[in-house]
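Reading through the structure tokens given below for one structure.
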Amino acid sequence: MDKAGIIPKIYGYLVCLAAVIVFLISVAQIVNASFALSDPIHTRDYMYATPMYDLSSFDAYKADYARQTSYSVLDATKTTATTTALTDEQLTAAYNSARDNQISSVRLQATRTITSYIILLIVAGLLFWSHWRWLHKEK
């Protein structure tokens, strides 16, 4: 076999191999993002920072809030210990706002991930198909 003919074949098979690897990684990322979309409150994959309080339920949120506010904070002007307690209505509003923010943030990021990896799947599939066809025409 001549050396000039082997280089294009190596190139073609390497592109096909890379396309298969990209395809497998894309499928895994799409599955992960789909799970995040199905339960945006409990996912930890698409968060820039961990929420300060547990958002899985209002009772868990309230317990976290009570635990964190039970520590006294020294007021710099009065040098006395003070705590800031919210009413149940204020706490409910804060919980709903944090929960809505978490849901919308995870949905946006997961949708972005799914969209970009679907595009990557299409590109990898086209590269694989075109190079595989080209390799079999060369035989």
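Here is a list: THR43, THR83, THR50. Which entry is of a type in the set (Val, Ile, Thr), in contact with a helix residue (DSSP H, G or I) (Cβ under 7 Å, 6 or more places away or on another chain) and at pLDDT below 75?
Details: THR43 fails: at pLDDT below 75; THR50 fails: in contact with a helix residue (DSSP H, G or I) (Cβ under 7 Å, 6 or more places away or on another chain).
Among THR43, THR83, THR50, only THR83 is of a type in the set (Val, Ile, Thr), in contact with a helix residue (DSSP H, G or I) (Cβ under 7 Å, 6 or more places away or on another chain) and at pLDDT below 75.
Residue check: is VAL15 surrounded by fewer than 13 Cβ atoms within 10 Å (Cβ to Cβ) and either modelled with pLDDT under 75 or closer than 30 Å to HIS131 by Cα (or both)?
Values: surrounded by fewer than 13 Cβ atoms within 10 Å (Cβ to Cβ): no; either modelled with pLDDT under 75 or closer than 30 Å to HIS131 by Cα (or both): yes.
For VAL15, the condition - surrounded by fewer than 13 Cβ atoms within 10 Å (Cβ to Cβ) and either modelled with pLDDT under 75 or closer than 30 Å to HIS131 by Cα (or both) - is not met.
The values are calculated or read from the model by the stated rules, or taken from the named source; none is laboratory data. Just so we're clear, the structure is a prediction, and the values are computed from it rather than from any experiment. Counting neighbours? That spans all protein chains shown, and the Cβs are built from the backbone with ideal geometry, glycine included.
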